[in-house]
Amino acid sequence: MSYSTFNRKKFDSLQEPMFFGENVNVARYDQQKHPIFEKLIEKQLSFFWRPEEVDLSNDRKDFLKLEDHEQHIFLSNLKYQTLLDSVQGRSPNVALLPIVSLPELETWIETWSFSETIHSRSYTHIIRNIVNDPTKVFDDIVVNDEIAKRAISVSKYYDDLIELVSLYNTLGLGVHHVPERGEVVVSMKTLKKALYLTVASVNVLEAIRFYVSFACSFAFAERTLMEGNAKIIKLIARDEALHLNGTQHMLNLMMSGRDDPEMAEIAQECQQDVINIFVEAAQQEREWAQYLFKDGSMIGLNAQILGQYVEYITNIRMQAIGLEPQFATKNNPIPWINAWLVSDNVQVAPQEAEISSYLVGQIDNDLDGADFDDFDL
Amino acid sequence: MTTLISNTEHQDQTVHRVLLGKKQILVTEDEPLLPQLERAGVLAEYQCREGYCSACMIKLLWGKVSYPVEPMAWVHSGYMLSCCAIVKSDIEISML
């Protein structure tokens, strides 16, 4: 079945599953099968911010004063963040939009991915402000072996799903001979399995990998260094907390069978695969910590502490989707991170758009002359 | 044991016991559990403090809590979000 940008069939979208049902036709949001995705859209829109709002002039001075190994930690972390958001700024759209079947989920995917492009723009803003030649930093993302390893693991499941869905859309279900790949089985089961593993892998990317990078960014700010950068990362962290809510809901809805009973069977069958995705990612993040701190650690953070944080956050994220924690670390080794992650103090001035409680357009139009009766000039 | 405490300045306050390991903390229904845990010196996780990030999720072993506003995070049975749950009876919790 090929994808249609406006499905001409008449059907009740409230009866469709999240994925692999009818292609969405009318973008309507007055009713939702899963209201959570509408809430996520509203929340994400209320969070809108732009990196240029944050002044980075002091960060440049701070960066020049950092020791060489600290510059390595800061720049490598920034390169990793750039990689992650390069993937996230496009992949939910490319992989999930052709197979989504609910209007609210379709728009959540677009809103989610768009916010990742703001994050990518932030890294450009930061890099442009702290180094003379941004190209050197950006080019290294593609050629650096340590970053390349991460690129493979964060894009693998997306790429598998995209390949399978494109075969499904052009050739339909069946066993297809693909040059250089041999026989590829395209069945609803293989498609749904690829989808389930992709969502799990994205959850790991946003709920674990990003948080490891946040820890590094905030460790500088704990020493009152690179504080403009930390302010931007705080805004990014607020968005990522929403995004991980989205993938946790998708996974939990799939597992519960409330959305698509066949998906619950697949979730059951794939449980060990998902556990492996989490455990392997944690191992990769620990190896990344070794690379970051290879030339020396910094006050408050080293490879061992960051490794413990990886284990700790992995346990928490596994429990959020009903999986048993796999690591012994029970306590947060860097409790100071919470004060940086907390969203409420992102901005205290209510006229600024990035305070989460500030709502645009909340003006009371129901006024008449009598409301000004007690005004004296 | 849940008790009613008369306070001259405020109205009557219902106080519940929160058991956490060997610790016992007294809490009221005036605000969510998280700030009360923090005042009692308990190191508790948090991020958004408004129910969407699930960072403050802890195990609710027994007892009753309620959410004045339904949180956006998925709450599995046997778990609770400390940032936005009001304790409604004596409860026992454990950190993840």
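Observations on the structure shown:
- Being among the basic types (Lys, Arg) and within 19 Å of A:Gln81 (Cα to Cα) holds for only one residue in A:Arg258, A:Arg238, A:Arg223, and it is A:Arg238.
- Of all residues in the stretch A:67-81, exactly one satisfies the criterion of being open to solvent by 90 Å² or more (accessible area, probe 1.4 Å) and either without any contact (Cβ under 8 Å) to a residue 40 or more places away in the chain or outside any loop (DSSP other than H, G, I, E, B) (or both), namely A:Asp68.
- Pair list, Cβ < 8 Å and 6+ apart or interchain, from the stretch A:123-141 residues that are polar (S, T, N, Q) to residues that are open to solvent by 50 Å² or more (accessible area, probe 1.4 Å): A:Asn129/A:Ser57; A:Asn129/A:Arg60
- Any chance B:Ser77 is surrounded by fewer than 23 Cβ atoms within 10 Å (Cβ to Cβ) and among the polar types (S, T, N, Q): yes
- You will find that of A:Glu222, A:Glu146, A:Glu227, A:Glu206, the residue that is closer than 30 Å to A:Leu78 by Cα and touching a His at 6+ places or on another chain (Cβ under 7 Å) is A:Glu206 and no other.
- Whichever residue in the stretch A:236-275 is charged (D, E, K, R) and outside any helix (DSSP H, G or I) and, among such residues, is most open to solvent (accessible area, probe 1.4 Å): A:Arg258
- Looking only at the stretch B:1-44, and only at residues there that are within 12 Å of another protein chain (Cβ to nearest Cβ) and open to solvent by 40 Å² or more (accessible area, probe 1.4 Å), the one that is modelled with the lowest pLDDT: B:Leu43
- The condition of being more than 19 Å from A:Ile147 (Cβ to Cβ) and surrounded by fewer than 19 Cβ atoms within 10 Å (Cβ to Cβ) holds for only one of A:Leu64, A:Leu40, A:Leu96, A:Leu102, that being A:Leu64.
- Counting only residues that are open to solvent by 60 Å² or more (accessible area, probe 1.4 Å) and either of a type in the set (Ser, Thr, Tyr) or touching a residue at least 40 places away in the same chain (Cβ under 8 Å) (or both), the stretch A:105-122 holds 1 of them.
- Residue check for A:Val24: assigned to a loop (DSSP other than H, G, I, E, B) and either more than 14 Å from chain B (Cβ to nearest Cβ) or touching a strand residue (DSSP E or B) at 6+ places or on another chain (Cβ under 9 Å) (or both): yes
- Sole exception among (1) more than 14 Å from chain B (Cβ to nearest Cβ); (2) among the β-branched types (Val, Ile, Thr); (3) open to solvent by less than 20 Å² (accessible area, probe 1.4 Å); (4) out of contact with any Phe, Trp or Tyr (no Cβ under 6 Å at 6 or more places or on another chain) for A:Val279, by number: (3)
- Tally of residues being at the interface with chain B (Cβ under 7 Å from one of its Cβ atoms) and either outside any loop (DSSP other than H, G, I, E, B) or under 18 Å from A:Glu287 (Cβ atoms) (or both) across the stretch A:309-339: 5
- Subset of the stretch A:156-202 [open to solvent by less than 50 Å² (accessible area, probe 1.4 Å), over 17 Å from A:Gln88 (Cα atoms) and small (Gly, Ala, Ser)]: A:Gly172, A:Gly174, A:Gly182, A:Ser187, A:Ala194
- Where A:Ser57 falls short, out of the listed (1) modelled with pLDDT under 95; (2) within 14 Å of chain B (Cβ to nearest Cβ); (3) surrounded by fewer than 18 Cβ atoms within 10 Å (Cβ to Cβ): (2)
- Some residue of the stretch A:219-226 being among the basic types (Lys, Arg), in contact (Cβ under 8 Å) with a residue 40 or more places away in the chain and surrounded by 20 or more Cβ atoms within 10 Å (Cβ to Cβ): no
- Residue list for the stretch A:32-52, filter: assigned to a helix (DSSP H, G or I) and more than 19 Å from A:Leu78 (Cβ to Cβ): A:Pro35, A:Ile36, A:Phe37, A:Glu38, A:Lys39, A:Leu40, A:Ile41, A:Glu42, A:Lys43, A:Gln44, A:Leu45, A:Ser46
- Screening A:His176 with (1) in contact with a strand residue (DSSP E or B) (Cβ under 9 Å, 6 or more places away or on another chain); (2) in contact (Cβ under 8 Å) with a residue 12 or more places away in the chain; (3) of a type outside the set (S, T, N, Q) gives one miss only, at (2).
- Evaluating A:Glu265 against the criteria (1) without any contact (Cβ under 8 Å) to a residue 40 or more places away in the chain; (2) farther than 30 Å from A:Glu16 by Cα; (3) acidic (Asp, Glu) leaves one unmet condition, (2).
The values are calculated or read from the model by the stated rules, or taken from the named source; none is laboratory data. On a predicted model such as this, the values are computed, not experimentally measured, just so you know. In this analysis, Cβ positions are derived from the backbone assuming ideal geometry, glycine residues included, and neighbour counts consider all displayed protein chains. Side chains are part of the model used for accessible areas, which takes the heavy atoms of the whole protein and leaves out ligands, DNA and RNA. Shrake-Rupley method; radii C 1.70, N 1.55, O 1.52, S 1.80 Å.
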